[in-house]
1. Pull up the range 1-46, narrow it to residues that are open to solvent by 10 Å² or more (accessible area, probe 1.4 Å) and part of a strand (DSSP E or B), then point me to the one that is farthest from Leu118 (Cα to Cα).
2. Can you name every residue in the range 104-122 that is within 17 Å of Arg142 (Cβ to Cβ) and not in a helix (DSSP H, G or I)?
3. Quick one: count up the residues across the range 62-99 that are closer than 11 Å to Asn52 by Cα and open to solvent by 70 Å² or more (accessible area, probe 1.4 Å).
4. Tell me which residues, restricted to the range 47-61, are within 28 Å of Lys243 (Cα to Cα) and open to solvent by 50 Å² or more (accessible area, probe 1.4 Å).
5. Would you kindly identify the helices (runs of 4 or more DSSP H) lying entirely within the range 191-260 that contain at least 3 residues that are modelled with pLDDT of 95 or more?
6. Tell me, which residue of the range 226-243 that is open to solvent by less than 20 Å² (accessible area, probe 1.4 Å) and aliphatic (A, V, I, L, M) is nearest to Glu137 (Cα to Cα)?
7. Return only the number of the condition from (1) part of a loop (DSSP other than H, G, I, E, B); (2) closer than 25 Å to Thr220 by Cβ that Gly145 does not satisfy.
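The values are calculated or read from the model by the stated rules, or taken from the named source; none is laboratory data. Treat the numbers as computed from the prediction; the structure is a model and nothing was measured. We place every Cβ from the backbone using ideal geometry, glycine too, and count neighbours over all the protein chains shown. These area figures cover heavy atoms from the full protein model, side chains too; ligands, DNA and RNA do not enter into them. Shrake-Rupley method; radii C 1.70, N 1.55, O 1.52, S 1.80 Å.
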Amino acid sequence: MDAILIAGGIPAPDEPLYKYTQGLPKAMVDVAGKAMIQWVLDALGKTQHVENIILIGLPEDNTLKCAKPLHYVENQGSMLANIVAGIYKVLEINPQAEYVISVSSDIPAITGEMIDWLIDSAMQTRHDIYYGIVTREVMEARYPGANRTFTKLADMHVCGADMHIAHKSMVTDPEHLAMWDELIGKRKSPLKQAASIGFVTLFLLLTGKLSLNGAIERITKRLNITGRAIQWDYAEPAMDVDKPHQLELLRADMERRLDA
């Protein structure tokens, strides 16, 4: 399976991470002596299942290295446009490709074993999309004080991982693109996403009556796709860098890994 690695974000001067990036891409911020994205490339390079890596949003004239073939795609200006361009690049390289794994550049603590576990777990079935989740208990045990945003479901509190698998039809079929654009644009607000799915879904979420299976059923029916949630036993795929304290937390965590 080929991987799309998304690295297009550049914090603006009024954003909290700007003091660390100073106009450079967030992916290139230093984490324990390496660019943050280099840790992710190292993990992808150690996988058994990933063949090619499509890096979106960074110029080719950089110092990044990877053990797997690395292909570059320019930043397309939005998250959805980047994913679409990445999948079409995968199909250019391998026209027979069916599934693609997308990985964010700001989850430096992931490992190759975790990526392979996701691919093995997902490919036990044939769904259109596989969405990774991490429970509050797993996240707070591994990263206390991370202050992630959790969606409060009836049976658990979860946050989304930053690593997912999708069938190519999720972007090659035009009827899906408009809704994906709306949902991705509201990815930081579970309530706004629920409202996009429908009033009943929003009501159930607000009243604490929406279960994980119920959410999957409603979302996939609304989008006319098949989908499956993959529950991680690891917090690392959901430990991304949105705020300064999260960057400092991961810097300390990766320093400890180097010292181990």
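1. Ranking the qualifying residues of the range 1-46, first place goes to Asp30.
2. Asp106, Ile107, Pro108, Ala109, Ile110, Thr111 - these are the residues of the range 104-122 that are within 17 Å of Arg142 (Cβ to Cβ) and not in a helix (DSSP H, G or I).
3. 1
4. Pro59, Glu60, Asp61
5. 244-259
6. The residue in question is Ala235.
7. The failed condition is (2).
Conditions (1) touching a Gly at 6+ places or on another chain (Cβ under 6 Å); (2) open to solvent by 40 Å² or more (accessible area, probe 1.4 Å), marked per residue:
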{"site": "Thr111", "(1), (2)": "no, no"}
{"site": "Asp116", "(1), (2)": "no, no"}
{"site": "Tyr130", "(1), (2)": "no, no"}
{"site": "Arg136", "(1), (2)": "no, yes"}
{"site": "Met139", "(1), (2)": "no, no"}
{"site": "Ala146", "(1), (2)": "no, no"}
{"site": "Ala161", "(1), (2)": "yes, no"}
{"site": "Ala166", "(1), (2)": "no, no"}
{"site": "Met170", "(1), (2)": "no, no"}
